[in-house]
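Notes follow once the structure below has been shown.
The values are calculated or read from the model by the stated rules, or taken from the named source; none is laboratory data. What you are looking at is a predicted structure, and each value in this text was computed from that prediction instead of being measured. No Cβ is skipped: glycine too gets one built from the backbone with ideal geometry, and neighbour counts run over all protein chains shown. The accessibility values were calculated without ligands, DNA or RNA, using every heavy atom of the protein model including side chains. Shrake-Rupley method; radii C 1.70, N 1.55, O 1.52, S 1.80 Å.
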Amino acid sequence: MVSRLVLILGDQLSPDMACLRDADRARDTVVMAEVRSEATYAPHHPKKIALIFSAMRHFAEELRGDGWTVAYTRYDDPENAGSIPGELLRRADETGATEVIATEPGEWRLIEAMRDCPLEVKLLPDDRFVCSRKDFEAWAEGRKELRMEWFYREMRRRTGYLMKGDDPAGGKWNYDKLNRKPAARDLLRSAPMSFTPDDITEEVLALVQREFPDNFGSLRPFDFAVTRGDARRALSHFVRRLLPEFGPYQDAMLTGEPYLNHALISPYLNVGLLSPQEVCDAVQAAWEAGEVPIQSAEGFIRQIIGWREFVRGVYFLEGPDYPHRNALNHQRKLPPLYWGAETRMACLREVVAQTRDNAYAHHIQRLMVTGNFALIAGIDPAEVHEWYLSVYADAFEWVEAPNTVGMSQFADGGVVGSKPYASSANYIDRMSDYCTGCDYFAEKKTGKGACPFNLLYWHFLNRHRDRFEKNHRMGAIYASWDRMDEARRETILEEADDFLTRMSRGEAV
Ligand code: FAD
Ligand code: DLZ
């Protein structure tokens, strides 16, 4: 019998992939390829490329150990065809295969490329999620608006996590009100687990250094897990040491402390080294054993079976144009400070530096610092989307686009969120220590030293008044704008305009 090709992509590194279950290890050939098209569709952070290539190489070894024939193409292989369809055609030529078994990719671009591939391609649903695309469509059907909270409750009922019969354990679905504490420096807080590169990873690091010398980001130190075993170790370390206080401090930000109580497991989940179920099982078990309070267990499980599943559902429901939406018609170019150029704003400087060093920032840093600034400064969401897709190790379009284009830039016009995440300096000052020592003053609203977030916040609300003033969650904000005297409003808008002009001219603002 002629061999079939079984495609495994760089974010499909799970032993129970649908395509592997459908294939026959005695007959079929697994195809894995490090290719230029995937490595360059965005200027990925070097750590992200290294993580994916090294995890792919380790996974190929595991598959071989498990009895599979694996045709693996390295990035610098002279025969490398440079794209996934190209590599499939080359392997089809070599083996005589005409059929490909694949699991649906997590990006429309690649789904379309697979559909156009001149081989017989069977695309199976990716069932590594709690909610299938079909089930999400059924849930969304007929709803006037899609809200994560309602979806999340369905997922709690469906999975049984933190449930007592039909009711939420502890009596509440959501404990966010207990979860908004700023953090103090704590020398006893554990760091996330880090891993020393083995020979395979060292070889990949040398390759990435050679091939992608100009990509934004530091390649070393590289301490990500690149195998399932190590990713599981990182998960248990988090559950034991950091999860108990995850809830209260999940929104906090501190200079020089990029991780606080966060898990740093999204890269592992998104490439397939961990499954959402095993992560939630570990959290549920710790909560049942009395090791983790309900507000931390609930806060965490909500991110996984709530937000993560919800944004995936939205990405596929909304279709291929979703990442290109621009509901607020924002056209300004992304300023160079996002790529590490000088800025006087301490919060942006800190989050960008940390992103450059670690290919990581936690949710509130992404949403309320870099995302909030881009939103209120009116940056083109396509440029913001490309930045987020490039700089984070966990960035794959199905999860990145709804978070960036939807939640953070409101460029989907309100599909993911009911109101824009726009905020003045007040929020950052309350939740972080960034404002101490900044060139600007969080409490200053106008004049010399006024924080740009204060100016741009009102500028944004004023420019989009038609769209937002009828939003019942924003009426009070417009009422307080209207209560300011006219001269003050004019000063704010003029100073904001001046700031934007200077920023767009390339000044270090
Ligand atoms: P924790 O804070 O410890 O949370 C635990 C897990 O919950 C995460 O590992 C993640 O899998 C999941 N999670 C939490 N929030 C979300 C969310 N909003 N959407 C999806 N999953 C979530 N997450 C990505 O995985 N990839 C991205 O490309 C990505 N881009 C983002 C862009 C913007 C503008 C924003 C605001 C958020 C983005 N997120 C993205 C969501 C979130 O910031 C990251 O999942 C989180 O910071 C990962 O770090 P952690 O593992 O330490 O998470
Ligand atoms: C992100 C990425 C990178 C950098 N390189 C590869 C690669 O060389 N080979 C591969 O199979 N996958 C890679 N990936 C992951 C894909 O881009 C990912 O599968 C799609 O974006 C769909 O989520």
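Values as computed for the structure displayed
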quantity: Ranked by how many other beta carbons lie within 10 Å on average, peptides 52-61, 412-421 from highest; calculated: 52-61, 412-421
quantity: Förster-model FRET efficiency, 25 Å R0, A479 and D176, C-beta, rounded to 0.05; calculated: 0.45
quantity: For the chain: accessible area per residue (Å², 1.4 Å); calculated: 42 Å²
quantity: On Cα atoms only, tilt of 46-65 relative to the major axis of the chain in degrees; calculated: 30 degrees
quantity: Residues whose placed amide H lies under 5 Å from that of F224, excluding near-sequence neighbours; calculated: F195
quantity: The chain: angle of helix 276-288 to the longest principal axis, Cα-based, in degrees nearest 10; calculated: 60 degrees
quantity: Virtual spin-label span in nm between D357 and K134, 7 Å along Cα→Cβ; calculated: 4.8 nm
quantity: Relative intensity, log₁₀ I(q)/I(0), of the chain from a Debye sum that treats every alpha carbon as a point, q = 0.08, 0.10, 0.12 Å⁻¹; calculated: -0.52, -0.82, -1.18
quantity: Stretch gain in nm, segment S218-R467, where the contour uses 0.36 nm per residue and the Cα spacing is subtracted; calculated: 85.6 nm
quantity: Shape of the stretch 111-266, Cα gyration tensor, a/c cut at 1.5; calculated: oblate
quantity: Rounded tilt (10° steps) of 309-318 against the dominant C-alpha axis of the chain; calculated: 90 degrees
quantity: Linear extension gain, R115 paired with K419, 0.36 nm per residue minus alpha-carbon span; calculated: 105.8 nm
quantity: The chain - percent of accessible surface contributed by carbon and sulfur, probe 1.4 Å; calculated: 48 percent
quantity: Cα gyration tensor, the stretch 218-285 - rounded (a/c under 1.5), prolate or oblate; calculated: oblate
quantity: Prolate/oblate/rounded call for the stretch 1-136, Cα gyration tensor, a/c under 1.5 rounded; calculated: rounded
quantity: Per-peptide average of other Cβ atoms within 10 Å, ordering 214-226, 471-483 highest first; calculated: 214-226, 471-483
quantity: For L274, solvent-accessible area (1.4 Å; no DNA, RNA or ligand), Å²; calculated: 10 Å²
quantity: Pair A508, E494: separation of 7 Å Cα→Cβ label points (nm); calculated: 2.8 nm
quantity: Relative pair counts by distance (%), Cα atoms of the stretch 283-403, 5 Å bins; calculated: 2, 10, 17, 19, 17, 14, 10, 6, 3, 1, 0
quantity: Contour minus Cα-Cα distance for T196 and M1 (0.36 nm per residue); calculated: 65.9 nm
quantity: Check: the chain dipole with +1 on Lys, Arg Cβ and -1 on Asp, Glu Cβ, in debye; calculated: 1560 debye
quantity: Relative contact order of the chain, pairs being alpha-carbon contacts under 8 Å that are 6 or more residues apart, as %; calculated: 16 percent
quantity: For peptides 488-500, 453-465, sequence by mean Cβ density within 10 Å, most packed first; calculated: 453-465, 488-500
